[in-house]
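**Q** Submitted below is the structure of interest, expressed as C-alpha cells.
The values are calculated or read from the model by the stated rules, or taken from the named source; none is laboratory data. On a predicted model such as this, the values are computed, not experimentally measured, just so you know. Cβ atoms come from the backbone with ideal geometry, glycine included; neighbour counts cover every protein chain shown.
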Amino acid sequence: MTLLEKLIAAGVTENYLPPHCYSQRDIEPFKLAVIHGMSIKNIYPDDPYDPDLIRQFWIDFNRPLSEREVFTSLDIPPERRYGSAHIMIQRDGSAELNVPLDKQAWHAGKSEWHGMENLNQCSLGIECVGSSDDPYEYRQYVALAKITEIFMGHEGLDLSHIPGHFQVSPGRKIDPWDTFDWKLFYSTMGIG
Ligand SMILES: [Zn+2]
C-alpha cells in the first residue's frame, strides 16, 4: 500500500485545498514530519477552531487582499501569503488531507534540521487545530499518534524525525506551543 492508501484506510479523508494553496513542486523522499498548531483566534476569537472557516482561511491567505472572499481584514497582510500543510487534525480528532502527499506544502518556511534547510522539500506538514491558550483535545493526540505511526512505519523513520515547528524554526516559531503535551503524544502511540 502507498502512504496515501494507508492513511485513508486509517480514516484520514481527502479534502484538498485548491492548487494555489500549495507548491506544484514534487515532494522529495520524506525525511521528517513537522508538527504545527494553528487557529484563526486572532481574526475570529469567537470561533477560532471552526473547520470550514479554517479551510477558507487557507484559501484566502494564499491570495492577495483583492481576491479574498471572507478574510478581508488587515489582520492578514494584504499581499499574497504562502501557507498550508498536508494534514489538518481538527478539534474533534478528525483528520483530513489538505495538500496532496506528492506535492510540497508551505508549512515550515525558513527552517533547518540536522543540517538540512528548506524543509518543505522533504517534510510532511501536520497542523493540529489549537492555540497557546487551550489544551489540545485527547482525540487529537490519538489521531496524531495514529498518523505519525503510519508515517514512520512507511518511511522507516523514528520519533526523532517528528519535531515541532519550534524545533526547526527556533527563534521564529513557537508552535505547537507549550499547550502541546509531548509526553501525552508519545504515550498515545500504540493505542490509536
Ligand atoms: Zn507552524
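**Q** Scan the helices (runs of 4 or more DSSP H) fully inside segment 129-192 and keep the ones with 3 or more residues being surrounded by fewer than 19 Cβ atoms within 10 Å (Cβ to Cβ).
**A** Working: elements: 138-155, 165-168, 182-188.
Fully inside segment 129-192 and qualifying: 138-155, 182-188.
**Q** Further, regarding this structure: What is the number of the single condition among (1) more than 21 Å from A95 (Cα to Cα); (2) in contact (Cβ under 8 Å) with a residue 60 or more places away in the chain that D178 does not meet?
**A** Of the numbered conditions (1) more than 21 Å from A95 (Cα to Cα); (2) in contact (Cβ under 8 Å) with a residue 60 or more places away in the chain, the odd one out for D178 is (2).
**Q** Further question: Residues T2, T13: which one is within 16 Å of E149 (Cα to Cα) and surrounded by fewer than 13 Cβ atoms within 10 Å (Cβ to Cβ)?
**A** T2
**Q** On the basis of being under 23 Å from D102 (Cα atoms) and of a type in the set (V, I, T), does I54 make the cut? Working first, answer last.
**A** Details: under 23 Å from D102 (Cα atoms): yes; of a type in the set (V, I, T): yes.
Yes: the conditions hold for I54.
**Q** Just a yes or no: is a residue in segment 116-131 over 18 Å from E14 (Cα atoms), within 16 Å of the ligand (Cβ to nearest atom), in contact with an Asp or Glu (Cβ under 8 Å, 6 or more places away or on another chain) and aliphatic (A, V, I, L, M)?
**A** Yes: segment 116-131 contains one or more residues that are over 18 Å from E14 (Cα atoms), within 16 Å of the ligand (Cβ to nearest atom), in contact with an Asp or Glu (Cβ under 8 Å, 6 or more places away or on another chain) and aliphatic (A, V, I, L, M).
**Q** Now for a different question. Take G125 and tell me if it is in contact with a helix residue (DSSP H, G or I) (Cβ under 8 Å, 6 or more places away or on another chain) and surrounded by 16 or more Cβ atoms within 10 Å (Cβ to Cβ).
**A** Against the criterion (in contact with a helix residue (DSSP H, G or I) (Cβ under 8 Å, 6 or more places away or on another chain) and surrounded by 16 or more Cβ atoms within 10 Å (Cβ to Cβ)), G125 does not qualify.
**Q** Moving on to the next point. Quick one: is I126 part of a helix (DSSP H, G or I) and among the β-branched types (V, I, T)?
**A** No, not satisfied.
**Q** Among the residues of segment 165-179, are any more than 16 Å from the ligand (Cβ to nearest atom) and either within 25 Å of M116 (Cα to Cα) or at pLDDT below 95 (or both)?
**A** Looking for residues that are more than 16 Å from the ligand (Cβ to nearest atom) and either within 25 Å of M116 (Cα to Cα) or at pLDDT below 95 (or both), one finds none in segment 165-179, hence no.
**Q** Just to be sure before I move on: is P51 without any contact (Cβ under 8 Å) to a residue 24 or more places away in the chain and farther than 19 Å from G164 by Cα in the structure I sent?
**A** Considered against the rule, which asks whether it is without any contact (Cβ under 8 Å) to a residue 24 or more places away in the chain and farther than 19 Å from G164 by Cα, P51 comes out as no.
**Q** Name the pairs: first residue in segment 102-127 and of a type in the set (K, R), second residue within 14 Å of the ligand (Cβ to nearest atom), Cβ to Cβ under 9 Å, at least 6 apart or on different chains?
**A** K103/H86; K110/S169; K110/R172
**Q** Could you check Q104 against (1) on the phi < 0 side of the Ramachandran plot; (2) within 14 Å of the ligand (Cβ to nearest atom) and say which number it fails?
**A** With (1) on the phi < 0 side of the Ramachandran plot; (2) within 14 Å of the ligand (Cβ to nearest atom) applied to Q104, the lone miss is (2).
**Q** Considering segment 78-107 alone, what residues qualify as being in contact with a Ser or Thr (Cβ under 7 Å, 6 or more places away or on another chain) and under 12 Å from S23 (Cβ atoms)?
**A** If the condition is that a residue be in contact with a Ser or Thr (Cβ under 7 Å, 6 or more places away or on another chain) and under 12 Å from S23 (Cβ atoms), then V99, K103, Q104, A105, W106, H107 are the ones that fit.
**Q** Here is a check on your reading of the model: is S23 assigned to a helix (DSSP H, G or I) and either within 16 Å of the ligand (Cβ to nearest atom) or hydroxyl-bearing (S, T, Y) (or both)?
**A** no
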